[in-house]
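Structure below; questions to follow.
The values are calculated or read from the model by the stated rules, or taken from the named source; none is laboratory data. Given the structure is predicted, the values throughout are model-derived calculations rather than measurements. In this analysis, Cβ positions are derived from the backbone assuming ideal geometry, glycine residues included, and neighbour counts consider all displayed protein chains. When the accessible area is computed, the model is the full protein with side chains, heavy atoms only, and any ligands, DNA or RNA have been set aside. Shrake-Rupley method; radii C 1.70, N 1.55, O 1.52, S 1.80 Å.
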Amino acid sequence: MQGHSTYTQMFEWVSAGDFRIEMGYVIDHLVALMLVVVTTVAFLVMIYTHGYMAHDPGYVRFYAYLSLFSSSMLGLVVSPNLLQVYVFWELVGMCSYLLIGFWYNRKAAADACQKAFVTNRVGDFGLLLGMLGIFWATGSFDFAIMGERLTDLVNTGGLPASIAAIFAVLVFLGPVAKSAQFPLHVWLPDAMEGPTPISALIHAATMVAAGVFLVARMYPVFEHIPTAMTVIAYTGAFTAFMGATIAITQNDIKKGLAFSTMSQLGYMVMAMGVGAYSAGLFHLMTHAYFKAMLFLGSGSVIHGMEAVVGHDPALAQDMRLMGGLRKYMPVTAITFLIGTLAICGIPPFAGFWSKDEILGATFAVNPALWAVGWLTAGITAFYMFRMYFSTFEGSFRGNDEDIRHDLKRAQLQSMGLSLGPGAMNPQELTLDATDHDDHDHHQASEPHESPLSMTFPLMALAIPSVLVGLVGTPFANYFEAFIHPPGEAEAVLEAAEAFDWNEFLVMAGSSVAIAVAGIVVAVLMYRAKVINPAAIAKQIPALYNLSLNRWYIDDIYEVVFVQGSRRLAKQVLEIDIRIVDGLVNLAGFVTLITGEGLKYLENGRAQFYALIVFGAVLGLVLLSGVT
């Protein structure tokens, strides 16, 4: 901030002839921003973890994983070249695997961490191919040198523009997986099986933002390849819309926030694709604070609900069992409301300034993408206030045995158990007995506010969620002056003199208007109860089921990739057994038979050998006589 030049410290890691690879660290404006975001959120999450994981037997192991992740993320941020980024990229992916599957004795968590790992390997393989392709073309892993040489090669005809675009899109596959963009987004909702502090740190504020960070780092390469920028922009816009439409029907509070995160990351990626470099990074910063607060708030809600419904995630995280929690958990409710207003883009909260800047920049480049982002803003406001009203307003539903029994029945049916009315299913009888037994042993019939170690991080994150957006107001954009794109002059503040109030009021007014419309619909449905959401769902069952089933993408992947790979594996197994093993076994069988036959001929008696020679000679004589 004081205007110091970029600081770089390098050392030689590998050297062989003319081939040299250097490692080290760099501190520039982008790194400074990410260091502040990562360290502040990680610090508050670590405080929060003390309260959330206090009674967990894996408390120490959790902190070990958390520290390993934080160091890996910081290593990724300060990396001066693409090769070092890749090393730490894989490390944060490994930490994500460890933390999502932290409760590995639960099948859902074990499956979720494998799904995250495999999905990210797809994106990372693309990143590796693109990285090696660019190195082949430019001979460097340095971001600025790669961009400069690749541009020169394309301009001089040394490399076809289509090949450069393929390399760039392959590199972009890494951020597509890490930042949960379509079509590699499927791992993020399942990642909510990990402890809530991880959802806040990794899957809201830092690791998923690493994809956007890498796009920003690779900007010298991407900005001169129009095809790559178009792919990035449209991928982000589609992901933003899809994530928002799926979040509408989610009843699990953490999965609703997961799809919200996916949608907001789509905004950032879209901003990068349309050239709004500073706007995308501004939204990365504001979103990190208010989304981390929202996730930690959901963890506080779950912590309070577990006192009533027990340690069953399906019940403790289901918003249908919540309601009225503002009376019992006032600090959590107020901070959650602040985060909700911020993500909805209501001024003067942080999300308003960053989201409005993205929409304004997108409108100038592509009005169609702006329309998608604008519509998504309204959907975001609706599902976030649906979440807030369902959780904190109305009456508390946690002790309603009918709702709990219905949710348990639905849970068993999803496991493939058909339970009809009065069915004497042994598991249903066990379920009922367990429900009553759990209820008898609860310490409380009402939820309670979380301890100070959990509410303090919420209150601390509420401050930037309200105020941090003021550093990026369009009429005095200090953030853009600080984070200016590579190769551009720093005197961006001069643009404030050309600031057009009319344009700002039209663009900001339209985005606030659609957000308010979404909030009003949520109020009518979930607070005033004037509109019945169930009736609407029955009128448009196709759209409702499309949202509820996540656009059926998981089902398609199950059929095409999971079952398809199993069928392929069975075919390969048949080939292996019948052909490969058959040839090997045949060779062994022939050797065995010939060996068995030869042992009667090779008996060590000279007379027998002489007889064989005499017989062979006689046979040759007779054969020659016949011919």
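Could you please let me know if His55 is open to solvent by 50 Å² or more (accessible area, probe 1.4 Å), more than 23 Å from the chain's Cα centre (by Cα) and under 19 Å from Ile202 (Cα atoms)? Before the answer, list the steps.
Working: open to solvent by 50 Å² or more (accessible area, probe 1.4 Å): yes; more than 23 Å from the chain's Cα centre (by Cα): yes; under 19 Å from Ile202 (Cα atoms): no.
It is false that His55 is open to solvent by 50 Å² or more (accessible area, probe 1.4 Å), more than 23 Å from the chain's Cα centre (by Cα) and under 19 Å from Ile202 (Cα atoms).
Looking only at region 292-321, count how many residues are open to solvent by 10 Å² or more (accessible area, probe 1.4 Å), in a helix (DSSP H, G or I) and in contact with a strand residue (DSSP E or B) (Cβ under 9 Å, 6 or more places away or on another chain).
Residues that pass the stated criteria total 2.
Across region 243-291, which residue is nearest to Ala204 (Cα to Cα) among those that are of a type in the set (D, E, K, R) and part of a helix (DSSP H, G or I)? Before you say what the answer is, go through the steps one by one.
First, the residues of region 243-291 that are of a type in the set (D, E, K, R): 252, 254-255, 291.
Filter once more, so that each one left must be part of a helix (DSSP H, G or I): 254-255, 291.
On the way: Lys254: 11, Lys255: 12, Lys291: 6 Å.
Ranking the candidates gives Lys291 first.
Restricting the search to region 90-108, which residues are buried (at least 17 other Cβ atoms within 10 Å of the Cβ) and of a type in the set (S, T, N, Q)?
Matches in region 90-108: Ser96 only.
With respect to Ile134, determine if the residue is crowded, with 22+ Cβ neighbours inside 10 Å, under 30 Å from Pro220 (Cα atoms) and β-branched (Val, Ile, Thr). Quick ask: steps written out before the conclusion?
On the way: crowded, with 22+ Cβ neighbours inside 10 Å: yes; under 30 Å from Pro220 (Cα atoms): yes; β-branched (Val, Ile, Thr): yes.
For Ile134, the condition - crowded, with 22+ Cβ neighbours inside 10 Å, under 30 Å from Pro220 (Cα atoms) and β-branched (Val, Ile, Thr) - is met.
Let's see how each residue does on (1) aliphatic (A, V, I, L, M); (2) assigned to a helix (DSSP H, G or I); (3) surrounded by fewer than 12 Cβ atoms within 10 Å (Cβ to Cβ); (4) in contact (Cβ under 8 Å) with a residue 60 or more places away in the chain:
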residue: Val530; (1), (2), (3), (4): yes, no, yes, no
residue: Ala534; (1), (2), (3), (4): yes, yes, yes, no
residue: Asp554; (1), (2), (3), (4): no, yes, no, yes
residue: Val560; (1), (2), (3), (4): yes, yes, yes, no
residue: Lys570; (1), (2), (3), (4): no, yes, yes, no
residue: Gly582; (1), (2), (3), (4): no, yes, no, no
residue: Thr591; (1), (2), (3), (4): no, yes, yes, no
residue: Glu596; (1), (2), (3), (4): no, yes, yes, no
residue: Lys599; (1), (2), (3), (4): no, yes, yes, no
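Out of (1) open to solvent by 70 Å² or more (accessible area, probe 1.4 Å); (2) out of contact with any Gly (no Cβ under 6 Å at 6 or more places or on another chain); (3) without any contact (Cβ under 8 Å) to a residue 40 or more places away in the chain, what's the single condition that is false for His50?
Only one criterion in (1) open to solvent by 70 Å² or more (accessible area, probe 1.4 Å); (2) out of contact with any Gly (no Cβ under 6 Å at 6 or more places or on another chain); (3) without any contact (Cβ under 8 Å) to a residue 40 or more places away in the chain is unmet by His50, namely (3).
Still on this structure, I have one more. Among the residues of region 322-352, write down those that are within 21 Å of Ser260 (Cα to Cα), open to solvent by less than 30 Å² (accessible area, probe 1.4 Å) and not in a loop (DSSP other than H, G, I, E, B).
Of everything in region 322-352, those that are within 21 Å of Ser260 (Cα to Cα), open to solvent by less than 30 Å² (accessible area, probe 1.4 Å) and not in a loop (DSSP other than H, G, I, E, B) turn out to be Thr332, Ala333, Thr335, Phe336, Gly339, Thr340, Ala342, Ile343, Cys344, Ala350, Gly351, Phe352.
Spot the failing condition for Ala164; the list is (1) out of contact with any Phe, Trp or Tyr (no Cβ under 9 Å at 6 or more places or on another chain); (2) open to solvent by 10 Å² or more (accessible area, probe 1.4 Å), and only one is missed.
Ala164 satisfies all of (1) out of contact with any Phe, Trp or Tyr (no Cβ under 9 Å at 6 or more places or on another chain); (2) open to solvent by 10 Å² or more (accessible area, probe 1.4 Å) except (2).
Could you look through region 371-401, keep only residues that are crowded, with 19+ Cβ neighbours inside 10 Å and small (Gly, Ala, Ser), and pick out the one that is farthest from Ser263 (Cα to Cα)?
If we take residues in region 371-401 being crowded, with 19+ Cβ neighbours inside 10 Å and small (Gly, Ala, Ser), then Gly398 is farthest from Ser263 (Cα to Cα).
Could you give every pair whose Cβ atoms fall below 7 Å, whose first residue belongs to region 64-89 and is buried (at least 23 other Cβ atoms within 10 Å of the Cβ), and whose second residue is small (Gly, Ala, Ser) and in a strand (DSSP E or B), counting only separations of at least 6 or pairs across chains?
Final answer for the pair search is Pro80/Gly24.
Same structure again: Just the residues that are open to solvent by 10 Å² or more (accessible area, probe 1.4 Å) and assigned to a helix (DSSP H, G or I), please, taken from region 220-242. Give the derivation first.
Just the residues of region 220-242 that are open to solvent by 10 Å² or more (accessible area, probe 1.4 Å), to begin with: 220, 223-227, 229-231, 234-235, 238, 241.
Matches in region 220-242: Pro220, Pro226, Thr227, Met229, Thr230, Val231, Tyr234, Thr235, Phe238, Phe241.
Among the residues of region 466-491 satisfying the criterion of being more than 28 Å from Phe336 (Cα to Cα), at pLDDT 80 or above and aliphatic (A, V, I, L, M), which is farthest from the chain's Cα centre (by Cα)?
Ala481
What is the residue count in region 390-407 for residues that are assigned to a helix (DSSP H, G or I) and touching a Phe, Trp or Tyr at 6+ places or on another chain (Cβ under 8 Å)?
Taking region 390-407 first, the residues assigned to a helix (DSSP H, G or I) are 390-392, 401-407.
Restricting the remaining residues to those that are touching a Phe, Trp or Tyr at 6+ places or on another chain (Cβ under 8 Å) gives 390-392.
So the answer is 3.
OK, next. Is at least one residue of region 190-197 under 12 Å from the mean Cα position of the chain (by Cα) and crowded, with 23+ Cβ neighbours inside 10 Å? Steps first, please.
Applying the first criterion (under 12 Å from the mean Cα position of the chain (by Cα)) to region 190-197 yields 190-192.
If we keep only those that are crowded, with 23+ Cβ neighbours inside 10 Å too, we end up with 191-192.
Yes, region 190-197 contains a residue that is under 12 Å from the mean Cα position of the chain (by Cα) and crowded, with 23+ Cβ neighbours inside 10 Å.
Further question on the same structure: Taking into account only those residues within region 402-414 that are in contact (Cβ under 8 Å) with a residue 40 or more places away in the chain and under 23 Å from Ala247 (Cβ atoms), which is least open to solvent (accessible area, probe 1.4 Å)?
Per the criteria, the residue is Leu407.
Does Ala314 satisfy the criteria of being at pLDDT below 90, under 23 Å from the mean Cα position of the chain (by Cα) and farther than 21 Å from Val36 by Cβ? Quick ask: steps written out before the conclusion?
Details: at pLDDT below 90: yes; under 23 Å from the mean Cα position of the chain (by Cα): yes; farther than 21 Å from Val36 by Cβ: yes.
Spelling it out, Ala314 is indeed at pLDDT below 90, under 23 Å from the mean Cα position of the chain (by Cα) and farther than 21 Å from Val36 by Cβ.
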